[in-house]
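What follows is calculated from the coordinates using simple rules that are stated; it is not laboratory data. Here the structure is a predicted model, which is why all the values come from computation and not from measurement. Because the Cβ atoms are built from the backbone with ideal geometry, glycine has one as well, and the counts that use them run over all protein chains shown.
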Amino acid sequence: MKAIQKYTEQELVALLKERDANAFSYLYDNYAAALNSIVRSFIQDDQLADCVLQDSFVKIWKQASTFDSVKGRLFTWMSSIVRNTAIDTLRSKDWKNSRQNVELDDRNSDMVADNTLNIDAIGLRKFVGGLKEEYKTVVEMCYFDGLSQNDIAQTTGMPLGTVKTRLRKALIELRSRIKR
Amino acid sequence: MDTREYIQSGIIESYVLGLADAQEAAELERLRTLHPEIEAAIQTFEKELEAAAFANAVPVDSHVKADLFKELELAPQEQPSIPTTLRPESKTNKTSFLKYLAAAAVLLFVVSAAMNVYIYSRYKTVQRENVQLALQRDQLFADNSKTQTKFNELDERLRLIAGPDIIKIPLAGVPGKENSQAIVFWNKSNKDVYLLASSLPKAPKGKQYQLWALMDGQPIDAGVLQDCTTVCKLKNIANAQAFAITLENEGGSPTPNLEQLFVMGKI
């Protein structure tokens with residue numbers, strides 16, 4: 001999916017910081033689909049997913065000056081923005097209400113509608129599904145629901161140390177599945 | 001610390017996925033600057049996640065990009081290579097400008113060199129002319145001073161012979177010497193005698209013309225004609241009734257050789 005490389009990551013970052021629209025266009029063309037896989041691992045609804053992706057790119061454009069290559073790769077930074085945007089969107093009141101309606105209406109129906117993707121087959125979610133239950137739960141809560149380790153300890157009643165250890169083991173397991 | 005154990009603890013994965021808490025993140029960010037292997041491990045996992053995302057990419061509807069750029073009020077050119085084409089263009093402009101500059105410099109140098117050669121040859125010519133002119137000037141000065149001397153001499157003599165006490169005695173050629181002429185100027189006051197040998201044949205070698213004053217039939221030596229150019233001053237004569245010139249042996253004679261009488265004139 002990667003187009004012919006025109007910029008190195010450093011050039012791209014430098015141009016984005018200079019608010020170069022062409023570089024931003026290039027960034028979108030090259031990374032939108034990859035980032036969309038992250039969006040889609042959170043959000044089932046097509047329209048909402050598109051909104052989240054668009055919102056994410058707005059943030060990427062507006063926050064480009066805050067990107068620090070010392071703290072990680074450009075893609076990692078963008079992934080983080082996408083994840084936070086997705087979590088924030090899912091948490092927002094409007095979305096929760098509409099989702100509750102959907103859940104009420106389709107409680108026992110097949111979740112996979114014609115115009116929606118099966119998020120279980122997308123991104124990290126795909127790999128999370130294969131984990132054992134105790135790992136799956138902690139990754140779901142932490143990565144997908146955006147709860148802090150402290151929140152999880154409080155919610156589940158598990159000691160913080162256990163949450164921490166379990167999360168780390170789960171992630172190591174997840175990683176080995178991603179690489180496979 | 002055991003970096004290997006740290007790397008394998010799951011903290012890297014937790015951090016990269018954004019799940020580490022603030023304390024864990026701060027610790028890792030400190031350690032990654034100290035341990036290259038930790039830094040490398042972080043980047044490895046980042047690349048794995050990136051590769052996985054690209055491998056699982058989900059195509060996006062094209063309206064999203066349009067909406068995005070509309071929302072941000074951005075208008076990227078469809079040909080983002082414009083800046084890259086501009087760059088070499090401006091570069092060529094610069095180089096071609098430098099080329100012109102260099103060409104102009106070379107041209108200027110050639111013209112300057114030619115000018116130098118021309119001006120040097122002109123200088124040499126003028127220098128030669130100047131030397132010649134200086135020589136001519138010196139020559140003219142010399143001629144002038146000679147002329148001046150002669151003029152002064154003539155002026156002096158003219159003053160003498162034009163004086164009120166001067167008697168002019170023309171000496172005419174005797175029969176057989178009709179072409180010969182001379183004029184004697186005699187100052188009655190101071191008895192000075194001047195001769196203008198206006199027309200006498202050139203004296204042969206070993207001979208000189210001698211002027212005689214005649215008083216009561218007696219010839220009195222008035223001196224030989226030296227090689228004077230204009231008016232010659234001769235011996236003073238107290239009294240005379242006539243003057244005559246004869247050709248005598250060099251140095252003059254005590255008595256005139258009448259056979260060699262050339263001109264004669266009475267007072």
> How big is the charge dipole of region B:1-70 about its Cα centre, in debye rounded to the nearest 20, if each Lys and Arg gets +1 on its Cβ and each Asp and Glu gets -1 on its Cβ?
Replying inline: 320
> Roughly speaking, what is the centre-to-centre gap between region B:202-251 and region B:3-46 when only Cα atoms are used, to the nearest Å?
Replying inline: 145
>> Only four residue types carry charge here, +1 at the Cβ of Lys and Arg and -1 at the Cβ of Asp and Glu. Report the dipole size of chain B about the Cα centre in Debye, rounded to the nearest 20.
In response: 3980
> If the cut-off is 24 Å between C-alpha atoms, which lysines fall inside it for residue B:235, apart from same-chain ones fewer than 8 positions away?
Replying inline: B:150, B:168, B:188, B:191, B:202, B:205, B:207, B:266
>> Compute, for the protein assembly as shown, the length of the dipole vector about the Cα centre, with Cβ point charges of +1 (Lys, Arg) and -1 (Asp, Glu) only. Units Debye, rounded to 20.
In response: 2540
> When the convex hull of the C-alpha atoms of the protein assembly as shown is computed, what volume per residue in Å³ does it have?
Replying inline: 388
> How fast does chain B diffuse by Stokes-Einstein, in µm²/s, taking the Kirkwood radius from C-alpha pairs at 25 °C and 0.890 mPa s?
Replying inline: 78
> Just from its helices, what would the mean residue ellipticity at 222 nm be for chain B, if runs of 4 or more DSSP H residues each count -39500 (n - 2.57) and the sum is divided by every residue, rounded to the nearest 500 deg cm²/dmol?
Replying inline: -17500 deg cm²/dmol
>> For region A:9-96, place one equal point scatterer on every Cα, skip the solvent, and apply the Debye formula. What is log10 of I(q)/I(0) at q = 0.11 Å⁻¹?
In response: -0.29
> Going by the alpha-carbon gyration tensor, a ≥ b ≥ c the square roots of its eigenvalues, is region A:35-78 rounded (a/c under 1.5) or, if a/c is not under 1.5, prolate (a/b greater than b/c) versus oblate?
Replying inline: oblate
> Modelled label-to-label distance, residue B:150 and residue B:134, 7 Å Cα→beta-carbon offset: nm?
Replying inline: 2.8
> Toward the positive end of the charge dipole of chain B, about the Cα centre and with charges on Cβ (Lys, Arg +1; Asp, Glu -1), which of B:109, B:72, B:140 goes farthest?
Replying inline: B:140
> Computed FRET efficiency, Cβ-Cβ of residue A:47 and residue B:98, R0 56 Å: what is it to the nearest 0.05?
Replying inline: 0.45
> Order of B:227, A:88, A:29, A:20 from fewest to most other C-beta atoms within 10 Å?
Replying inline: B:227, A:88, A:29, A:20
> With a 10 Å Cβ neighbour count serving as the proxy for reagent exposure, in which order, fewest first, do A:152, A:87 appear?
Replying inline: A:87, A:152
> Cα gyration tensor of region B:142-258, axes a ≥ b ≥ c as square roots of the eigenvalues: rounded (a/c below 1.5), prolate (a/b > b/c) or oblate?
Replying inline: oblate
